[in-house]
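Asks: Would you mind keeping the following structure in view while I ask a few things?
Taken together, the values in this text are just the output of simple stated rules run on the coordinates, not laboratory data. For clarity, every value in this text was computed on a predicted model and none was experimentally measured. Cβ: placed from backbone, ideal geometry, glycine included. Neighbour counts: every protein chain shown.
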Amino acid sequence: MFGLYRTQWTDIPGSPVIGGATIAGSFWKDRIGAGVFVVNDKIGIFNRTNASLSYAQKIKFAKQHQISLGVQGGAFINRVNFSGTNPLDYNDPDLASKTPTKAVFDFSVGISYKWKTLLVGFSVPNVIEPNAKFANVYGGNTSYQYVRHYNVFAQYKVELLKGKFNITPTIVMRKGYATGFQADASLMFDYKNMVFLGAGYRNSFGVMALGGVNIMDMFTIAYAYDYTTQRTLRGQVGSTHE
């Protein structure tokens, strides 16, 4: 079970707020994985809830070598809260009392390869690219278009002093249609898998720091902080906490 809450750019009205939870497990002697994923993403007047099911098939083709094929599918419930706007801008005072809702369906696919402590993967979210259409005050449609992305992930855990200390570098790269290339790189240090500290960099944005503790091999509590290094944004957007 995993829970997440993230508030981003706290000095901007209507800034992004994300909260969610997952429940997942392995079955059939660790040959398959399955889970439930629910997350709510709020940005300005837009509020989106995603509820999905996930499934992964694990294929062990040699000693310490494993490939996993995964698929995740579900519903995206999109809402527009006009109470956060000036209805006179739309020439329709009745908008202030409306929260139009539209649901669409989509799925994502992915593949990963694991060898010892090396893990690499590739995934494609929003394969169908659904379009949530809302009727606007002028008789037409306003669209909220989901866009397909391509993600590449790599991680390698280096064990020191017989696993007493561990160093884990990670890199994530993503690209979507008509969006810029984005890459995150981080380095995590942990002691006996009990306490961990890390730092990272996200291109075109800034740096991040994180830390946490594992309790009785059952609970993990962690915190992350983002800080922008862009001169045009620094001091304007506020902080990000997760």
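Asks: Can you compute the radius of gyration and Dmax for the chain, using only the Cα atoms, both in Å?
Replies: 20.8, 69
Asks: Local charge sum around Ser143 (other residues, Cβ-Cβ under 11 Å, Lys/Arg +1, Asp/Glu -1)?
Replies: Net local charge, Ser143 excluded: +2.
Asks: Moving on to the next point. Given H placed 1.01 Å from N in the peptide plane, which residues other than close sequence neighbours of Gly44 have an amide H under 5 Å from its amide H?
Replies: Correct list: Ser15.
Asks: To continue, here is another question. Calculate, for Ser239 and Ile171, the FRET efficiency according to 1/(1 + (r/R0)^6) with r their C-beta to C-beta distance and R0 22 Å; round to the nearest 0.05.
Replies: 0.35
Asks: In whole Å, largest first, what are the principal axis extents of the Cα atoms in segment 113-242?
Replies: That gives 67, 39, 29 Å along the principal axes, largest extent first.
Asks: Kindly state, to the nearest 0.05, the FRET efficiency for Ile221 paired with Asp184, given R0 = 22 Å and r defined as their beta-carbon distance.
Replies: 0.50
Asks: On to the next question. Would you work out the charge dipole size for segment 1-86 about its Cα centre, treating the Cβ of every Lys and Arg as +1 and the Cβ of every Asp and Glu as -1, and quote it to the nearest 20 debye?
Replies: 420
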